[in-house]
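The values are calculated or read from the model by the stated rules, or taken from the named source; none is laboratory data. What you are looking at is a predicted structure, and each value in this text was computed from that prediction instead of being measured. A quick note on method: Cβ atoms are made from the backbone with ideal geometry, for glycine too, and the neighbour counts reach across all protein chains shown.
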Amino acid sequence: MAPAPLRGPFHLDLDFDALEIAVERNAPDTDSYLDLTSGRVLTITTGDPEATINRQQISDNIRNFLRVEPASSREQYRWMERFVGSVVDEPLRERLIISIDGKGAFRRFKDVLLAYPAERERWFSYRAELLHWHIQNWLASHEIAPTNEAPWGTAQPPVDLPTVGRAVIHGTEAPGESLRRTARDLIETIPAIELPTAIAFLEFLKQRDEQHAHHDDHQDHDPELLGTHDERDDDKSAVDPS
């Protein structure tokens, strides 16, 4: 029988940066645990050379560790939907609505926003507020009282974004389905002699998307989610070498 976990309240000097990464990461091959005696976060990723050692450490001291509960993919997808509905630029909003249709939605969403730095920054700020609020509530639910202040200060309930245009409506035909129907209709009008070329191009697009998805699945962070400050800094350095 496993020993009972430690009971709160806990007064810990928390590693907030590591905790934020653990909460935003939602990968099936990664688990993070908060050490209730030190405040540090121990992350275990399948395939990591130290994974076995870290799992054994947690197993030997199970009552001292609390699994960090990341914001679910479904929850973070809802954040993205609400943001899309608040985008004032109608052409951009339509592109974003299409981008979040189907598997790989978070990656396509990120790719679209790369060309719109102001909206991208607004998304990062909005998502950071939601993550920090999630962290604060999670800590409170487990009676964890930090002895150090979070880098972002005291999180406040996020303000609802105004819906300024057509929002994503569940239960109706997704924009992507409409485009697929149009593509099928166009295929019917193409002469048979041209079909091999059209099919080859569609196969190219399919393989490219699968390669991107495969690449995302091997990222250190959640393969489907956008990071906060770390990824933002990486992207800025990639665009502007200075």
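Within segment 82-93, track down each residue that is crowded, with 19+ Cβ neighbours inside 10 Å and of a type in the set (Asp, Glu).
Once the filter is applied, which keeps residues that are crowded, with 19+ Cβ neighbours inside 10 Å and of a type in the set (Asp, Glu), segment 82-93 yields nothing.
Looking at GLY39 and the list (1) surrounded by 16 or more Cβ atoms within 10 Å (Cβ to Cβ); (2) at negative phi; (3) outside the structural domain of GLN136 (by TED's automatic domain parsing), which single condition is not satisfied?
Unmet for GLY39, out of (1) surrounded by 16 or more Cβ atoms within 10 Å (Cβ to Cβ); (2) at negative phi; (3) outside the structural domain of GLN136 (by TED's automatic domain parsing): (2).
If only one of ILE53, ILE58 is β-branched (Val, Ile, Thr), touching a residue at least 24 places away in the same chain (Cβ under 8 Å) and outside the structural domain of GLU143 (by TED's automatic domain parsing), which one is it? So that I can check it myself, show each step before the final result.
Working: ILE53 fails: touching a residue at least 24 places away in the same chain (Cβ under 8 Å).
Unique residue meeting the criteria: ILE58.
Among the residues in segment 27-34, are any closer than 23 Å to GLY153 by Cα, of a type in the set (A, V, I, L, M) and either modelled with pLDDT of 90 or more or over 19 Å from the mean Cα position of the chain (by Cα) (or both)?
Checking segment 27-34: at least one residue is closer than 23 Å to GLY153 by Cα, of a type in the set (A, V, I, L, M) and either modelled with pLDDT of 90 or more or over 19 Å from the mean Cα position of the chain (by Cα) (or both).
Only one of these conditions is not met by ASN54: (1) among the polar types (S, T, N, Q); (2) crowded, with 18+ Cβ neighbours inside 10 Å; (3) at pLDDT 90 or above. Which number is it?
(2)
Does ASP89 qualify as being of a type in the set (D, E, K, R), modelled with pLDDT of 90 or more and not assigned by TED's automatic domain parsing to the domain that holds PRO162? Explain how you work it out, then say what you get.
On the way: of a type in the set (D, E, K, R): yes; modelled with pLDDT of 90 or more: yes; not assigned by TED's automatic domain parsing to the domain that holds PRO162: no.
For ASP89, the condition - of a type in the set (D, E, K, R), modelled with pLDDT of 90 or more and not assigned by TED's automatic domain parsing to the domain that holds PRO162 - is not met.
Here is a list: LEU96, LEU131, LEU66. Which entry is without any contact (Cβ under 8 Å) to a residue 60 or more places away in the chain and either within 18 Å of THR43 (Cβ to Cβ) or crowded, with 18+ Cβ neighbours inside 10 Å (or both)? Walk me through it before giving the result.
Values: LEU131 fails: without any contact (Cβ under 8 Å) to a residue 60 or more places away in the chain; LEU66 fails: without any contact (Cβ under 8 Å) to a residue 60 or more places away in the chain.
Just one listed residue meets the conditions, LEU96.
Determine, yes or no, whether ARG122 is surrounded by 19 or more Cβ atoms within 10 Å (Cβ to Cβ) and either at pLDDT 90 or above or out of contact with any Leu (no Cβ under 6 Å at 6 or more places or on another chain) (or both). Break it down stepwise before answering.
Details: surrounded by 19 or more Cβ atoms within 10 Å (Cβ to Cβ): no; either at pLDDT 90 or above or out of contact with any Leu (no Cβ under 6 Å at 6 or more places or on another chain) (or both): yes.
So ARG122 does not fit the description; no.
Identify the single condition in (1) under 18 Å from the mean Cα position of the chain (by Cα); (2) in a loop (DSSP other than H, G, I, E, B); (3) surrounded by fewer than 16 Cβ atoms within 10 Å (Cβ to Cβ); (4) on the phi < 0 side of the Ramachandran plot that GLY102 does not satisfy, given that it satisfies every other one.
Condition (4) is where GLY102 drops out.
Matching residues to (1) hydrophobic (A, V, I, L, M, F, W, C); (2) outside any helix (DSSP H, G or I); (3) in contact with a His (Cβ under 6 Å, 6 or more places away or on another chain):
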{"position": "THR37", "(1), (2), (3)": "no, yes, no"}
{"position": "ARG82", "(1), (2), (3)": "no, no, no"}
{"position": "LEU96", "(1), (2), (3)": "yes, no, no"}
{"position": "LYS110", "(1), (2), (3)": "no, no, no"}
{"position": "PHE124", "(1), (2), (3)": "yes, no, no"}
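Take the conditions under 26 Å from GLU149 (Cβ atoms), in contact with a Lys or Arg (Cβ under 8 Å, 6 or more places away or on another chain), in contact (Cβ under 8 Å) with a residue 40 or more places away in the chain and in a loop (DSSP other than H, G, I, E, B) and apply them to LEU14. Does it pass? It would help to see each step written out before you state the result.
Working: under 26 Å from GLU149 (Cβ atoms): yes; in contact with a Lys or Arg (Cβ under 8 Å, 6 or more places away or on another chain): no; in contact (Cβ under 8 Å) with a residue 40 or more places away in the chain: yes; in a loop (DSSP other than H, G, I, E, B): yes.
Taking the combined requirement at face value, the residue does not satisfy it.
Cβ-Cβ distance below 7 Å, separation of 6 or more or different chains: which pairs start in segment 151-164 with a residue that is in contact (Cβ under 8 Å) with a residue 60 or more places away in the chain and end on one that is in a loop (DSSP other than H, G, I, E, B)?
LEU161/SER86; PRO162/SER86; THR163/SER86; VAL164/SER86; VAL164/VAL88
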